[in-house]
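Visitor: The structure that follows is given in the form of structure tokens.
The values are calculated or read from the model by the stated rules, or taken from the named source; none is laboratory data. Keep in mind that what you see is a predicted model, and the values were worked out from it rather than measured. No Cβ is skipped: glycine too gets one built from the backbone with ideal geometry, and neighbour counts run over all protein chains shown. When the accessible area is computed, the model is the full protein with side chains, heavy atoms only, and any ligands, DNA or RNA have been set aside. Shrake-Rupley method; radii C 1.70, N 1.55, O 1.52, S 1.80 Å.
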Amino acid sequence: MKVGVLTGGGDCPGLNAVIRAIARKGIIRYGYVIYGIYQGWKGLLEDGLVHPIDLSDTSGILPKGGTILRTSRTNPYKVEDGERKVLESIKKNRIDALIAIGGDDTLGVAAKLYEKGIKIVGVPKTIDNDIYGTDRTFGFDTAVNIATDAIDRIHTTAESHNRVMVVEVMGRHAGWIAIESGLAGGADMILIPERPFNMDDVCTLIKRRHERGKDFSIVVVAEGALIKTSEHPEGTEITQDGSVDEFGNVRLGGVGNFVAMGIENRLGFESRVVILGHVQRGGSPTAFDRMLGTRYGIKAIDLVHKGQFGNFAALKGSEIVAVPLADMAGKTRTVDDELYEMAEVFFG
Ligand code: F6P
């Protein structure tokens with residue numbers, strides 16, 4: 001049996017742990033031949049991107065960030081005749097089953113291909129932790145640890161200079177990285193997409209804190225946080241240049257500057273912004289993400305072996321379970337009220 005593996009969407013720490021686990025169990029226990037499909041779905045649209053991977057290819061990759069299979073945000077459904085080309089490539093390369101490791105976009109494509117008869121299973125990946133149907137995606141823990149470390153460092157310089165430091169973190173339309181790194185790093189305010197904010201409320205809290213005798217503050221803001229105005233009470237996001245990728249995702253970024261400028265202009269407190277950006281996605285995975293990635297990889301190859309296609313490996317409590325791909329498509333897992341209300345205790 002030939003099993004193809006691909007990684008799609010933005011990279012994240014832990015991808016190599018998944019690939020390694022699939023190769024180890026697939027080759028040694030099940031006697032499968034594993035094929036790497038390079039650069040995500042692009043690997044099935046262009047020639048020369050499907051190659052066998054053996055145990056030597058996956059040796060030593062566990063602590064490495066990124067993905068040995070490379071990745072792209074290619075959407076076959078945005079390419080002319082894309083679906084047919086993908087189906088033909090799977091046939092031409094004699095791939096019997098496919099494992100797609102990716103976020104909601106990649107797994108959404110996997111769900112459609114399953115409907116077309118492809119034997120496919122998914123593995124949920126993203127630093128954003130926003131995939132519906134699983135309690136955790138791998139990559140998230142590493143991103144939260146990187147952001148927390150940054151907030152700790154920013155604390156000391158904020159305090160020395162009596163400044164307000166605004167830290168902008170990733171996470172797209174979910175505030176998971178912001179809420180968890182903000183709580184762990186002791187932020188004085190956390191702004192997330194799930195709770196649209198206005199500058200009056202932000203400034204009231206910062207002012208109150210300074211009146212309590214604190215000369216510095218740390219604000220963590222998620223890149224997708226929504227700004228409320230009287231014309232747009234539902235909130236609007238700030239985008240970099242309005243461009244979108246092949247899945248229609250806008251490039252977020254800039255809300256940190258908006259918040260820092262707003263505080264400085266209204267309150268007169270010297271403010272600075274730090275945009276953590278892709279640092280959150282780079283480098284070696286934490287032990288947690290190596291473990292979660294390994295568990296997901298083992299589950300994925302077991303699902304292939306049992307013929308349980310059309311599912312993705314998910315974490316529910318402490319168990320790794322199979323969840324139908326159709327259940328997650330088009331949905332986003334966002335921060336719940338309980339967690340946000342806990343964070344609010346530490347605001348101001
Ligand atoms: O989905 C992961 C993520 O890092 C988001 O948090 C962020 O908005 C986006 O990808 C950035 O994408 P790119 O790497 O294409 O700039």
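Visitor: Using 18 Å as the Cα-Cα cut-off, could you pick out the over-long pairs in Lys92/Lys306; Lys42/Lys91; Lys91/Lys116; Lys91/Lys299; Lys119/Lys299?
Guide: Lys92/Lys306; Lys91/Lys299
Visitor: Which value at 222 nm does the chain reach when only helices count, each DSSP H run of 4 or more adding -39,500 (n - 2.57), with the total divided by all residues and rounded to the nearest 500 deg cm²/dmol?
Guide: Result for the chain, helices only: -11000 deg cm²/dmol.
Visitor: Can you pull out the trypsin sites (Lys or Arg not before Pro) in the stretch 44-111 whose DSSP state is coil and whose Cβ has at most 13 other Cβ atoms within 10 Å? Working shown, then result.
Guide: Details: sites: Lys64, Arg70, Arg73, Lys78, Arg84, Lys85, Lys91, Lys92, Arg94; in loops: Lys64, Arg70, Arg73, Arg94.
Sites meeting the loop and neighbour criteria: Arg94.
Visitor: Can you pull the three principal axis extents for the Cα set of the stretch 108-160, in Å, largest first?
Guide: Principal extents (Cα only, largest first): 61, 15, 14 Å.
Visitor: With +1 on the Cβ of every Lys and Arg and -1 on the Cβ of every Asp and Glu, and nothing else charged, how large is the dipole of the chain about its Cα centre, in debye rounded to the nearest 20?
Guide: Once rounded to the nearest 20, the dipole reads 1440 debye.
Visitor: May I ask for the longest run of the chain untouched by GluC sites (Glu not before Pro) that are loop-located per DSSP and have at most 11 neighbouring C-beta atoms (other than their own) within 10 Å?
Guide: The longest such stretch corresponds to 81-230.
Visitor: Accessible area per residue for the chain in Å², computed with a 1.4 Å probe and the full protein assembly in place, what is it?
Guide: For the chain, the per-residue accessible area is 43 Å².
Visitor: Would you please name the trypsin sites (Lys or Arg not before Pro) within the stretch 262-348 that are DSSP coil residues with at most 16 other C-beta atoms within 10 Å of their C-beta? Please report the intermediate quantities before stating the final value.
Guide: Details: sites: Arg266, Arg272, Arg281, Arg290, Arg295, Lys299, Lys306, Lys316, Lys331, Arg333; in loops: Lys331, Arg333.
When the trypsin sites (Lys or Arg not before Pro) of the stretch 262-348 are filtered for loop state and at most 16 Cβ neighbours within 10 Å, Lys331 remain.
Visitor: Something else about it: Assigning unit charges at the beta carbon (Lys, Arg +1; Asp, Glu -1) and nothing else, what dipole magnitude in debye, to the nearest 20, does the stretch 142-282 show about its Cα centre?
Guide: In debye, rounded to 20, the stretch 142-282 gives about 380.
Visitor: Sticking with this one: For q = 0.09 Å⁻¹, what log10 I(q)/I(0) does the stretch 50-166 give under the Debye formula with an equal point scatterer on each alpha carbon and no solvent?
Guide: -0.40
Visitor: Would you please give the residues with an amide H less than 5 Å from that of Ser271, counting only those at least 5 places away or on a separate chain, with H modeled from the backbone geometry?
Guide: Residues meeting the amide H criterion: Val164.
Visitor: Which whole DSSP H helices in the chain pass both tests: a Cα extent of 30 Å or more along the axis and a mean Kyte-Doolittle value no lower than -1.0?
Guide: 140-161
Visitor: Give the long-range amide H neighbours of Ile53: residues separated by 5 or more places, or on another chain, with amide H under 5 Å away, using H modelled in the peptide plane at 1.01 Å from N.
Guide: Under 5 Å from the amide H of Ile53 lie the amide H atoms of Ile34, Tyr35, Gly36, each far enough along the sequence or on another chain.
Visitor: Still on this structure, I have one more. If the reach is capped at under 14 angstrom between alpha carbons, list the aspartates and glutamates near Lys125, excluding any in the same chain fewer than eight residues apart.
Guide: Reachable aspartates and glutamates: Asp11, Asp104, Asp105, Asp135, Asp141, Asp289.
Visitor: Using only the Cα atoms of the chain, what semi-axes does the equivalent ellipsoid have when each is the square root of 5 times a gyration tensor eigenvalue? Give whole Å, largest first. Walk me through the intermediate numbers first.
Guide: Working: eigenvalues 333, 80, 54 Å².
Each semi-axis is the square root of five times an eigenvalue, giving 41, 20, 16 Å.
Visitor: Let me ask another. Rank-order 134-144, 7-17 by packing density, defined as the average count of other C-beta atoms within 10 Å over each peptide's residues, highest first.
Guide: Descending packing order for the listed peptides: 7-17, 134-144.
Visitor: Take the chain, connect every pair of alpha-carbon atoms lying under 10 Å apart with a spring to form a Gaussian network, then pick out the residue of Gly242, Gly102, Gly40 with the largest mean-square fluctuation.
Guide: Highest fluctuation among the options: Gly242.
Visitor: Sequence gap at least 6, Cα distance under 8 Å: using those rules, report the relative contact order of the stretch 142-282 to the nearest whole percent.
Guide: Across the stretch 142-282, relative contact order equals 32 percent.
Visitor: For the stretch 12-130, calculate the relative contact order in percent as a whole number, restricting contacts to Cα pairs under 8 Å that are 6 or more residues apart.
Guide: 25
Visitor: Taking amide H atoms as placed 1.01 Å from N in the peptide plane, list the residues 5 or more away in sequence, or in a different chain, whose amide H sits under 5 Å from that of Phe347.
Guide: For Phe347, no residues qualify.
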